[in-house]
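A.B. asks: There's a structure below that I have some questions on.
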Amino acid sequence: MRGSGRKKPPLVADKRYAEPASKPKPKANSRKPKTKSKRPVRRGALSWLATLVRGTLRWIVRLFWGIGWRVGLISGLLVGAAAVYIAAILPPATDLVDGRARGSVTMLDRNEEVFAWRGDQFGGVITADLVAPHLKNAVIATEDKRFYSHFGISPRGVAGAVRINLSEGRGPLSGNGGSTITQQTAKLLCLGKPFDPEIWKDEAAYEADCRRTTLWRKVQEAIYAMGMEIAYTKDEILTLYLNRAYLGAGTRGFEAAAQRYFGISAASVNPSQAAILAGLLKAPSTYAPTANLQRSWDRANVVIGLMEDQGYLTPLEATLARAAPAELSAAAEQRAGGYFADWLMDITPNYFARTTTEDVIYRTTLDPRIQSAAEEALAYVFDEKVKEGSEAQAAIVMMSADGAVRAMVGGRNTNVAGAFNRATQASRQTGSLFKPFIYATALELGHSPFELVDDSPLCMTIPGSGEWCPKNYDGEFKGEIPFVQALRESRNIPAIKVSEMVGRDNVRSVASGFGVASDLADGPALALGVSESTLVDMVGAYAGILNGGSAVAPYGLVELRLQGDEIPLMGMGGGIGERVVQETAARQLTWMMTQVVEQGTGMRARIPGWQIAGKSGTTQASRDAWFIGFTGDYVTGVWMGYDNNTPLSGVTGGGLPAEIWHETMVRVLDGLTPVPLPMDEPVETGPILFGPQPGEATGGNFLIDLLNSILGGGN
């Protein structure tokens, strides 16, 4: 039933949610925070400016990209074309293995063992597949670990090198180069330019030009390297590198270096030796083991570490290699042959020596045992008997009776090459060393070692110089004494008187005949050794006395031949020449000189059981001190002095030089059977006063007058 007619309210949904709470009214005294009014932003102008900048940048980028990829494409095409062109004109790799402009000299001692090298040594071709694997790995690990994967250049390597150079304060191209082995080979080939003497003064200038480091040069090397990568296999490139790299001490290529430093082929080196050889590539002269073995070992340890890091050596192999560093061969220990080798290079024609374009073999007279004895003796005397810090120098030459030089020491520092050689290059006054030639002249004229000469005061008038009154070294005069005593005691007045009586021209003739090669003095001071000579010439002159009176030309070369040839191009460069005095005179003089050692000024040279003849020499103010003596087999000479002619303090020829001689010969003669000297001890007759004295008439001695008139004496 419907209701009473009242309208019902419309149906509405239930209010399911409460009304939001009304916000609290602010307190009457509260104030609203003041806010600054903002001006309206003109967004339209900024948006327009940003759009303009972005558009400009996009345009610039598109412009540079458009130009850049076109330039890059063209450059790449040009570089590629250049690389292809280079590849097309490159000769076969085998033609480039040995690119030396000059040859080498290999010197063999008397036992035919190598003791020295000169020039650019090339040991022969060694290929990448024949070289010892350790050496191949060491080179790749050190120089270019991505060698077998890149195309000739390594952008990563270049970037790393530039970063290192800049971080160390150098220019981007100074120091580390980041060059691949292929780029380094391109540099070694001088980008294909051969040596031309019309362009470069010498090979050193040529190589300096080839090693220039500029940006354009680097670009050229990169293009040439890519051309090589097209033309050659990787192993061919590595073969070129292994054969052309300079590795110090005159060696070109790893085969020559292995032979020089270790006496073996590059195909046989062990890890320690390989590390030293590979380490030389960074700085050949600095790390050469002949220059500083410890520094070379330190560098080798770095190389061993690289080989270990790259897996070429196990940790155990690396440890063993570090624990047993490579040792030099006996020949390498001798450095470059020292003064003897330098002397041979000086006296051999240049086209077979310093400027040779061939590989030459010298067979020489050097005896390594005697050479070592001389060097040891010199060092011993200066260490034990010369005050520390002394700058005095000394030289030693030892030869056989025919002039074959067995040892040569040109100064106290024996580990040198190219140094001033005091044995061959220093011309010094000989002093009393000259006196045997005066008595040789007298004996040749028939006089006896027992003839008397008056050792009394002497004054002579020298034209243009006035009166000259020489003295004896001890300031004393002994009256009439025999020749043998005068020589034994090295007395000046008797030597002058005998020289004057037999004739200065005759004395000069005998001395020069024996090889005293200098301008001999004209005046009476000739007898006192005021003329100059070298040690090697004086030892050669004394060798003439030992061999019985014949001239000797000192020599060190036995024969010279080209490598690979059997027929010599040159033979012996010296030896025994013409007779100067009769054998009887030489044998008597030898006996007189034994008395110098037995009882005279050379007593410090005595060696028990051996017959020794010799003579000391000391020049004016003791600027030079000499001793030359000989046994039945060898003649040995010693000089001592200062390079600047400063007088020696308390040194005479019979002192330190005789002691150096003694120390040398004790070492040389050790274990040998004594050899008698070729001498005749004369029979002593009654005393005979030798000839008239200077200023006296000669008419009373017909024999003297006759001999002087025949031989031109009597000056």
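A.B. asks: Of the conditions (1) among the polar types (S, T, N, Q); (2) under 24 Å from residue 96 (Cα atoms); (3) without any contact (Cβ under 8 Å) to a residue 40 or more places away in the chain, residue 286 fails just one. Which one is it?
C.D. replies: Tallying (1) among the polar types (S, T, N, Q); (2) under 24 Å from residue 96 (Cα atoms); (3) without any contact (Cβ under 8 Å) to a residue 40 or more places away in the chain, residue 286 fails exactly one: (2).
A.B. asks: From the list 463, 457, pick out the single residue that is outside the structural domain of residue 398 (by TED's automatic domain parsing) and in contact with a helix residue (DSSP H, G or I) (Cβ under 8 Å, 6 or more places away or on another chain).
C.D. replies: Going through 463, 457 in turn, just one is outside the structural domain of residue 398 (by TED's automatic domain parsing) and in contact with a helix residue (DSSP H, G or I) (Cβ under 8 Å, 6 or more places away or on another chain): 457.
A.B. asks: Sticking with this structure for a sec: Just the residues that are over 13 Å from residue 280 (Cβ atoms) and either hydroxyl-bearing (Ser, Thr, Tyr) or crowded, with 21+ Cβ neighbours inside 10 Å (or both), please, taken from the range 293-305.
C.D. replies: 304
A.B. asks: Something else about it: When both residues are 6+ apart or on different chains and their Cβ atoms are under 9 Å apart, which pairs have a first residue that lies in the range 106-134 and is on the phi > 0 side of the Ramachandran plot and crowded, with 22+ Cβ neighbours inside 10 Å, and a second that is part of a loop (DSSP other than H, G, I, E, B) and aliphatic (A, V, I, L, M)?
C.D. replies: Once the first residue is on the phi > 0 side of the Ramachandran plot and crowded, with 22+ Cβ neighbours inside 10 Å and sits in the range 106-134, its partners that are part of a loop (DSSP other than H, G, I, E, B) and aliphatic (A, V, I, L, M) give 119/353.
A.B. asks: Moving on to the next point. Would you check if there is a residue in the range 323-341 being crowded, with 23+ Cβ neighbours inside 10 Å, over 28 Å from residue 420 (Cβ atoms) and either at pLDDT 90 or above or not assigned by TED's automatic domain parsing to the domain that holds residue 109 (or both)?
C.D. replies: no
A.B. asks: So, in the range 173-205, of the ones that are among the small types (Gly, Ala, Ser) and not in a loop (DSSP other than H, G, I, E, B), which residue ends up modelled with the lowest pLDDT?
C.D. replies: Within the range 173-205, the match that is modelled with the lowest pLDDT is 204.
A.B. asks: Sticking with this structure for a sec: Among the residues of the range 421-470, write down those that are of a type in the set (Gly, Ala, Ser) and assigned to a helix (DSSP H, G or I).
C.D. replies: Residues satisfying the conditions are 431, 432, 440, 442.
A.B. asks: Could I ask something else about it? Taking the residues in the range 206-245 that are at pLDDT 90 or above and among the aromatic types (Phe, Trp, Tyr) as candidates, determine which candidate is surrounded by the fewest Cβ atoms within 10 Å (Cβ to Cβ).
C.D. replies: Taking the candidates together, the pick is 232.
A.B. asks: Determine which single condition residue 384 fails, assuming it passes every other condition in (1) modelled with pLDDT of 95 or more; (2) assigned to a helix (DSSP H, G or I).
C.D. replies: Every listed condition holds for residue 384 apart from (1).
The rows are residues; the columns are (1) surrounded by fewer than 20 Cβ atoms within 10 Å (Cβ to Cβ); (2) part of a loop (DSSP other than H, G, I, E, B).
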| residue | (1), (2) |
| --- | --- |
| 249 | no, yes |
| 265 | yes, yes |
| 272 | no, no |
| 275 | no, no |
| 278 | no, no |
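A.B. asks: Please go through the range 233-275 and give me each residue that is touching a helix residue (DSSP H, G or I) at 6+ places or on another chain (Cβ under 6 Å) and under 11 Å from residue 152 (Cα atoms), ordered by number.
C.D. replies: 237
A.B. asks: If residue 517 passes every condition in (1) aliphatic (A, V, I, L, M); (2) more than 19 Å from residue 439 (Cβ to Cβ); (3) without any contact (Cβ under 8 Å) to a residue 24 or more places away in the chain; (4) out of contact with any Asp or Glu (no Cβ under 7 Å at 6 or more places or on another chain) but one, which one does it miss?
C.D. replies: For residue 517, the failing item is (4).
A.B. asks: Further question: For the range 596-630: of the residues being touching a Pro at 6+ places or on another chain (Cβ under 8 Å) and in a loop (DSSP other than H, G, I, E, B), which is farthest from residue 428 (Cα to Cα)?
C.D. replies: 609
A.B. asks: If you don't mind, there's one more thing I want to ask. What do you reckon, is residue 477 under 38 Å from the mean Cα position of the chain (by Cα) and not small (Gly, Ala, Ser)?
C.D. replies: Taking the combined requirement at face value, the residue does not satisfy it.
A.B. asks: Kindly check whether there is at least one residue in the range 436-449 that is in contact with a strand residue (DSSP E or B) (Cβ under 9 Å, 6 or more places away or on another chain) and of a type in the set (D, E, K, R).
C.D. replies: no
A.B. asks: Evaluate the range 154-172: report whether one residue or more is at pLDDT 85 or above and either surrounded by fewer than 18 Cβ atoms within 10 Å (Cβ to Cβ) or under 35 Å from the mean Cα position of the chain (by Cα) (or both).
C.D. replies: No, that holds for no residue.
A.B. asks: Let me ask something additional. When the residues of the range 535-572 are narrowed to those that are of a type in the set (S, T, N, Q) and in a loop (DSSP other than H, G, I, E, B), which ends up surrounded by the most Cβ atoms within 10 Å (Cβ to Cβ)?
C.D. replies: The selected residue is 547.
A.B. asks: For the range 621-633, name all the residues that are polar (S, T, N, Q) and touching a Ser or Thr at 6+ places or on another chain (Cβ under 9 Å).
C.D. replies: 622
Listed here are the residues, each with its yes/no results for (1) basic (Lys, Arg); (2) part of a loop (DSSP other than H, G, I, E, B); (3) over 19 Å from the mean Cα position of the chain (by Cα); (4) in the same structural domain as residue 652 (by TED's automatic domain parsing).
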position: 369; (1), (2), (3), (4): yes, no, yes, yes
position: 372; (1), (2), (3), (4): no, no, no, yes
position: 378; (1), (2), (3), (4): no, no, yes, yes
position: 391; (1), (2), (3), (4): no, yes, yes, yes
position: 412; (1), (2), (3), (4): yes, yes, no, yes
position: 415; (1), (2), (3), (4): no, yes, no, yes
position: 418; (1), (2), (3), (4): no, yes, no, yes
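A.B. asks: Continuing with the same structure: Checking the conditions here, which among 363, 369 is within 30 Å of residue 565 (Cα to Cα), in contact with a Pro (Cβ under 9 Å, 6 or more places away or on another chain) and either at pLDDT 95 or above or surrounded by fewer than 20 Cβ atoms within 10 Å (Cβ to Cβ) (or both)?
C.D. replies: That would be 363, the only listed residue that is within 30 Å of residue 565 (Cα to Cα), in contact with a Pro (Cβ under 9 Å, 6 or more places away or on another chain) and either at pLDDT 95 or above or surrounded by fewer than 20 Cβ atoms within 10 Å (Cβ to Cβ) (or both).
A.B. asks: Would you call residue 100 on the phi < 0 side of the Ramachandran plot and either loosely packed, with under 14 Cβ neighbours inside 10 Å or not in a strand (DSSP E or B) (or both)?
C.D. replies: yes
A.B. asks: Looking at 279, 263, can you tell me which residue is within 25 Å of the chain's Cα centre (by Cα) and within 19 Å of residue 118 (Cβ to Cβ)?
C.D. replies: Working: 279 fails: within 19 Å of residue 118 (Cβ to Cβ).
Just a single option satisfies the conditions, and that option is 263.
A.B. asks: Could you list, in sequence order, all residues of the range 634-666 that are in contact with a Ser or Thr (Cβ under 8 Å, 6 or more places away or on another chain) and at pLDDT 95 or above?
C.D. replies: 634, 635, 636, 638, 657, 658, 661, 664, 665 - these are the residues of the range 634-666 that are in contact with a Ser or Thr (Cβ under 8 Å, 6 or more places away or on another chain) and at pLDDT 95 or above.
A.B. asks: Kindly indicate the residue of the range 634-645 that is over 26 Å from the mean Cα position of the chain (by Cα) and touching a residue at least 60 places away in the same chain (Cβ under 8 Å) and also surrounded by the most Cβ atoms within 10 Å (Cβ to Cβ) among those meeting that condition.
C.D. replies: Per the stated criteria, the residue is 635.
The values are calculated or read from the model by the stated rules, or taken from the named source; none is laboratory data. For clarity, every value in this text was computed on a predicted model and none was experimentally measured. In this analysis, Cβ positions are derived from the backbone assuming ideal geometry, glycine residues included, and neighbour counts consider all displayed protein chains.
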